[in-house]
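What follows is a single structure, written as structure tokens, with notes after it.
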Amino acid sequence: MKGKIIVIEGTDCSGKETQSKLLKEKLESMGKKVIRFYFPYYESPTGKIIGGPYLGKKEICESYFSEKSSKIDPYVSCLYYAADRKYNMDNVISKYINDGYIVILDRYTTSNMAHQGGKIFDKDERFNMYQWIDKLEYWLLKLPKPDITIFLHMPFEYSNKLMENRTYIDDNEKDEKFLKNSEEAYIELSQLYNWDTIECVIDNNIKTIEEINNDIMTILKEKIEL
């Protein structure tokens, strides 16, 4: 039996990594076969290209792009991220899906749509970008569509404050305008594609890790058989 793909998507500092890891632990405790991956998959050859030459993560190398990643043409940027997903889906991830695993993905095609769509200010052109990415990754590259996408929305004013605690941020994370535009694109996409949205801030208070995880588990129990 084919496995299922659960995508944990979200704005910066929404806790995608924390929640995807915790979800894996909870599902494993229920006796499920579960594995977690994240994109970009920095340990892979394609992920290292994104991490270094594209994003300029200093532990790898400086960016090759003088304009920095947040200013690179969105259609060019999309191709790097799509190549990373294609390479790792074919060489690593697909065998787990075929073996019946629940595959948790921390970011997916949806990240490409939001971060690159956020570079485009005309609504019609931005919508064309969404369709272009959808066709590129799902139709041309034949990447599997997720069974469910959960969007963690951390408003920019809160994520910007949380980012102060990070020891290192890449070129995208240094650009506040890019982050604000990406947030707007995420909200737009969540409505267009009917993602399941979890608001990480309620009444000016950031939810606890456990509260957000409980929200995720509630959605999964409603949407897929666990």
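Restricting the stretch 98-114 to residues that are in a strand (DSSP E or B) and within 12 Å of PRO40 (Cβ to Cβ) leaves a set whose member that is nearest to the chain's Cα centre (by Cα) is ASP106. Listed by first and then second residue, the pairs with beta-carbon distance under 7 Å, at least 6 apart or on different chains, first residue in the stretch 131-145 and over 13 Å from TYR81 (Cα atoms), second outside any helix (DSSP H, G or I) and among the β-branched types (Val, Ile, Thr), are PRO144/ILE5.
Among the conditions (1) at pLDDT below 95; (2) touching a strand residue (DSSP E or B) at 6+ places or on another chain (Cβ under 6 Å); (3) part of a loop (DSSP other than H, G, I, E, B), the only one that PRO146 does not satisfy is (1). For beta carbons closer than 7 Å, sequence separation of 6+ or different chains, a first residue in the stretch 83-97 that is closer than 15 Å to ARG107 by Cα and a second that is part of a helix (DSSP H, G or I) and among the charged types (D, E, K, R), the qualifying pairs are ARG85/GLU137. A count restricted to the stretch 115-141 and to residues that are part of a loop (DSSP other than H, G, I, E, B) and among the hydroxyl-bearing types (Ser, Thr, Tyr) stands at 0. Just one of the listed residues (TYR158, TYR108) is modelled with pLDDT under 95 and crowded, with 16+ Cβ neighbours inside 10 Å, namely TYR158.
So, TYR64, is that one among the aromatic types (Phe, Trp, Tyr) and surrounded by fewer than 17 Cβ atoms within 10 Å (Cβ to Cβ) or not?
Values: among the aromatic types (Phe, Trp, Tyr): yes; surrounded by fewer than 17 Cβ atoms within 10 Å (Cβ to Cβ): yes.
Yes: the conditions hold for TYR64.
Take CYS13 and tell me if it is among the hydrophobic types (A, V, I, L, M, F, W, C), in a loop (DSSP other than H, G, I, E, B) and over 27 Å from GLU188 (Cβ atoms). In short, no.
Residue count for the stretch 31-73, restricted to those that are in a loop (DSSP other than H, G, I, E, B), under 19 Å from TYR87 (Cβ atoms) and modelled with pLDDT of 90 or more: 6. Looking across ASP122, ASP171, one residue alone is at pLDDT below 95, buried (at least 18 other Cβ atoms within 10 Å of the Cβ) and farther than 22 Å from ILE8 by Cβ. It is ASP171.
Only one of these is under 20 Å from ILE93 (Cα atoms) and without any contact (Cβ under 8 Å) to a residue 24 or more places away in the chain: LYS24, LYS32, LYS2, LYS48. Name it.
Going through LYS24, LYS32, LYS2, LYS48 in turn, the sole match is LYS48.
Restricting the stretch 125-144 to residues that are touching a helix residue (DSSP H, G or I) at 6+ places or on another chain (Cβ under 6 Å) and under 19 Å from LYS4 (Cβ atoms) leaves a set whose member that is surrounded by the fewest Cβ atoms within 10 Å (Cβ to Cβ) is LEU143. When you scan the stretch 191-198, do you find a residue that is hydrophobic (A, V, I, L, M, F, W, C), touching a Lys or Arg at 6+ places or on another chain (Cβ under 9 Å) and at pLDDT 95 or above, even just one? Among the residues of the stretch 191-198, at least one is hydrophobic (A, V, I, L, M, F, W, C), touching a Lys or Arg at 6+ places or on another chain (Cβ under 9 Å) and at pLDDT 95 or above, which makes the answer yes. Output the residues belonging to the stretch 199-226 that are over 19 Å from LYS161 (Cβ atoms) and touching a residue at least 12 places away in the same chain (Cβ under 8 Å). Answer for the stretch 199-226, where residues must be over 19 Å from LYS161 (Cβ atoms) and touching a residue at least 12 places away in the same chain (Cβ under 8 Å): ASN213, ASP215, ILE216, MET217, ILE219, LEU220, LYS223, ILE224, LEU226.
The values are calculated or read from the model by the stated rules, or taken from the named source; none is laboratory data. Quick caveat, the model's predicted, so the values are computed rather than measured. As a convention, Cβ positions derive from the backbone with ideal geometry for all residues, glycine included, and neighbour counts pool all protein chains shown.
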